[in-house]
Structure formats: C-alpha cells, structure tokens
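To start, the structure itself, in structure tokens.
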Amino acid sequence: MFKDDFLWGGATAANQFEGAWNVDGKGPSIPDMCTNGTRERAKLFTQTIKPGYLYPSHEASDFYHHYKEDIALLAEMGYKCFRMSINWSRIFPTGMEKEPNEKGLEFYDGVFDECLKHGIEPLVTLSHYEMPLALGVEKNGWLSRDTIDHFMNYVSTVFERYKDKVRYWITFNEINAGQMPMGDIISTGMVKGYEGPINEITHTEQERYQALHHQFVASARTVMLAHKKYPRFKVGNMLTFIAAYPVNCDPDNILLANKYMQNMNWYCSDVQVKGAYPYYSTAMWKEKGVIPNITARDLEEIEKGTVDFMTFSYYMSICVGKEGEKDRVSGNLTGGFKNPYLESSDWGWQIDPVGIRWALNAAYDRYRVPLMIVENGLGAFDKLEEDGSIHDTYRIDYMRRHIEQLKLAVSDGVDLMGYTNWGCIDLVSLTTGEMRKRYGQVFVEKYDDGTGNLKRRRKDSFFWYRDVIRSNGREL
Ligand code: BGP
C-alpha cells in the first residue's frame, strides 16, 4: 500500500499553462515564439512574432489570472502536492539581468501561499522546457557555458525567496530530451539564427551533448547550493522514461534494446543520481563522434551534486530492434517499433500500464533513491456535453490501470514518494501546441483557434481521482 504521506497530485508547466506571456515585466521565452501545430504539422519556432500565426503559450489556460480558483479545485480533489514550474523569464526577463523582476516573484509568492493554505506541497521544476528568449538568441541557450552562471543567478534568487514555502525542487524537466533532435529548441534552447519547424533543427551531436553537459553542471551546482544553504530542501532530477523492450528475442535486438535503455534513459540519471559519467559513455560518444569539453572541476561538481530523489514522466513504451523489423509508432518526443500486445492513444502513443511497474523496478534497482512519477496520463479528445459534464471514462481507465501497477511496484519494494498526473487542469500540448489534446481532470473552455471563455469544469475523472486520493489508492 501507499505510504500515509504519499504525494498525490497533478503536474503542469508554466509555459503551457500560465499565459500572461508579456504581463508584469515578464520577458519573452523560447516557447512564447512557438506557433501551434497538429499531429501531422509541426509547430514553428520564429525569431519574432509573425502576424497570422497563433502562439498558444501567450494565453494558454491563463493560470496567471485563475490561480486561486485553480488551486481551490485541486484542493477539492484532495491534492497533497502540486507540481508546477517557475517561468525563468518572469523572474529574469532576458535571463541576464542582475536584479530580478519583483512582480514575477510576487506572482509565485501568491501561488505558493495559496497551495500552503490548502495543505498542498508545491513541487517546483526550475526549468520546464522554457528559458528566456534572449539567452537562446544571443548565447544559443545551453550550448554556452555562460548560461550556467545565468541559471545559477536565477536559482539562488528563487531558492532564497521561497525557502520557507517550497521544499521539493526538480532541476530540469525531462533532461534526456536534450539528447534528441526535438530537444534542440524546447530543452537546450539552441535557437540562434534558426527559424522553422521545431523538429527540424539540425544541431550536431557534439553541440547536443555539450549543451547537455552544461545542464548537468548546472543541476549539480543547484543540488550543492541546496545542500549547503537550505538543509530542508530535497532536489530531484527528471527524465522522460521511454520504456524500451526488444521487439523479439533475437539476441541482436536484446542488445539493441539494452543499448537504447542506456543511451536514452540511464545516461542522464547515471550522471545526476550516481554522480559520474557511466562506463558506456565513452563508447557512445565515440560512436556519435562527440568529444565533450568537460573540465576537472565539472566532474568534481557532478560527483558532489547528486540528487536526493529521482523523478520521471511515464506515458508509453516502444519496441527496439534492427531496422525494418516492424511498423513504427509515435511517442513522447520519440517513437519506436510497434508492440502487437498494446493499444495506442488517439495520438499514437502505446498504452502500457505494466511498463510503469517495470520502469520503477528498473530505476530503483539501479539507484536505490526514492522515486516519484511526476507525469503520466492520457492525452485525448474530450466532449463537453450541453449540461456542462465531461464523461472521460477512457481517462479514468488509463489512470486506474497505471495506479494499479504503482501499487504492485510498491509491493515489489520500490520506495515511491508520490504520483502527479500530467496536465491536471487542461493546458497546451507540448509536442503539438494543441488544446484539444487534453489530459486534465478539469476541463478548460479554450480551443485550438484561440477562442474560449477559459471557464473551468469538473470532468468525471475529477470525482474519481478525488475518491482515489481520499482512500489513499485503496479505491480505484
Ligand atoms: C512531457 C512534457 C510535458 C507534457 C507531456 C505531454 O514531455 O514534460 O511538458 O506536455 O510530455 O506531452 P504532449 O503535451 O505533447 O502530449
């Protein structure tokens, strides 16, 4: 059974949820320059705002002006924890100022106070697919070593400001996205001189792994700062866990799947949880033609700045094998081969509840630190009925089947701290920029053409999840 203090809740990201992109001194961020897209048509990144395009982050679900109402809804569901992120560009509009924007800081004071008033523990992601645009355009994001110092200025500011309000922090959202082409814009912010589809940017592997290395150093320094100055803080890492099975028992495919697991899932967490680059990184860099610039001081910091807990998102699994083995399927940031035993969501992500138990066991076996699932859920079309109800039985089914597997993982012996389902209040989709790809227990009347009155409505899953939390997971 789940612990008595299990952190039940939901998760959001500032750039997909807050809106108010240029309000109260906030600077433009990289996601503010991304247009909307669809499953078939990629979002565009533009250097300036282009007339005739819709930029969904500009209003999003307008949490900025609805946060009291929203947090009250989360409290009504009995939330113990609310995972959210701070918009770096709300605190430092270009990322390079020395002094923070007081109005931005005040906004999060209000949010945290509201959470604490309702007995909800904030879990704050410092960097969730967002950085000030100026850092991307002038420095090419995380490719520049200078970005580490700018980030640390931001981190020390928010740590000091919120030290009495926030205990749980996450450094980088889905840090392993930085290894994928899709991460070049959304994760490592390498947008200097680029304009076009977000999945077509052509950075070299060398640049990709260098930018990621700078994030590792920033993450380690963040943990070191927390441990030195704020002993009550707990800092975690975060990855997108892409459960990868061999497509069949051909030994070559077993090896390929193992290698995929190392490269895509363990590489980042080995650095952040164990405090050193893993043995296989040398071979992996060689194969990719990468020679990262890593100093002795970087390695010392990485060794000292290991995280207190590990978190990940889990949505789906894929199969891995030799080219041409099977049909391909899409997934969270990356796809793979089709698994004939699984069904897929409306966006083609394979639904695999058992995979979450497998992932938790694999991660716990490797690291023995407390784990937390900080994203999971079903992106689906919802229908708003005339009487205002939304019968999202498919979402309840998805969540029930995954939470059942969490229970089993706990009985396997995994130390699980909590579970926050993704997009608890409807928000903009990361990969497609759509509103109609909804995850929430709360429906937001906002639509893909940018219209909608932003009214919040409880879905059927709202009442179901409230009962799950009330019974600490006994009633599913
Ligand atoms: C993760 C991100 C989230 C989120 C989620 C769902 O990768 O951390 O920001 O959006 O995926 O993805 P999507 O919105 O594309 O369905």
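Derivation of every value follows stated rules applied to the coordinates shown; laboratory data play no part. Everything numeric in this text was worked out from a predicted model, so none of it was measured. Positions of Cβ are backbone-derived with ideal geometry, glycine not excepted, and every protein chain shown enters the neighbour counts.
Here are the numbers for this structure:
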quantity	calculated
The stretch 1-103: GluC sites (Glu not before Pro) in DSSP coil with no more than 14 other Cβ atoms inside 10 Å	40
Computed lengthening from residue 323 to residue 65, 0.36 nm per intervening residue step minus Cα-Cα distance	88.0 nm
Sparsely packed chymotrypsin sites (Phe, Trp or Tyr not before Pro) within the stretch 247-323, loop by DSSP, other Cβ within 10 Å at most 12	279
For the stretch 137-207 versus the stretch 246-300, the gap between their alpha-carbon centres in whole angstrom	21 Å
Where only C-alpha atoms are counted, convex hull volume of the stretch 209-311 per residue in Å³	98 Å³
Full-stretch length increase - residue 258, residue 48 - with 0.36 nm per residue and alpha-carbon distance subtracted	71.4 nm
Amide H contacts under 5 Å for residue 170, placed H, 5+ residues apart	124, 125, 126, 236
Loop chymotrypsin sites (Phe, Trp or Tyr not before Pro), the stretch 340-438 (other Cβ atoms within 10 Å of the site Cβ: 14 or fewer; DSSP)	341, 381
Alpha-carbon centroid distance for the pair the stretch 58-94 / the stretch 327-344, whole angstrom	32 Å
All Cα pairs of the chain, percent lying beyond 32 Å	34 percent
Karplus 3J(HN,Hα) series, Hz, for the stretch 62-77 with 6.51 cos²θ - 1.76 cosθ + 1.60 (x for Gly, Pro)	6, 4, 3, 9, 10, 5, 5, 4, 5, 5, 5, 5, 5, 5, 4, 7
Entries of 259/407; 234/407; 68/163; 117/459; 80/459 with Cα pairs more than 26 Å apart	259/407
Within the chain: Cβ-based charge dipole about Cα centre, in debye rounded to nearest 20 (Lys, Arg +1; Asp, Glu -1)	760 debye
Mean shadow area of the stretch 96-204, taken as a quarter of the surface of its Cα convex hull (nm²)	7.7 nm²
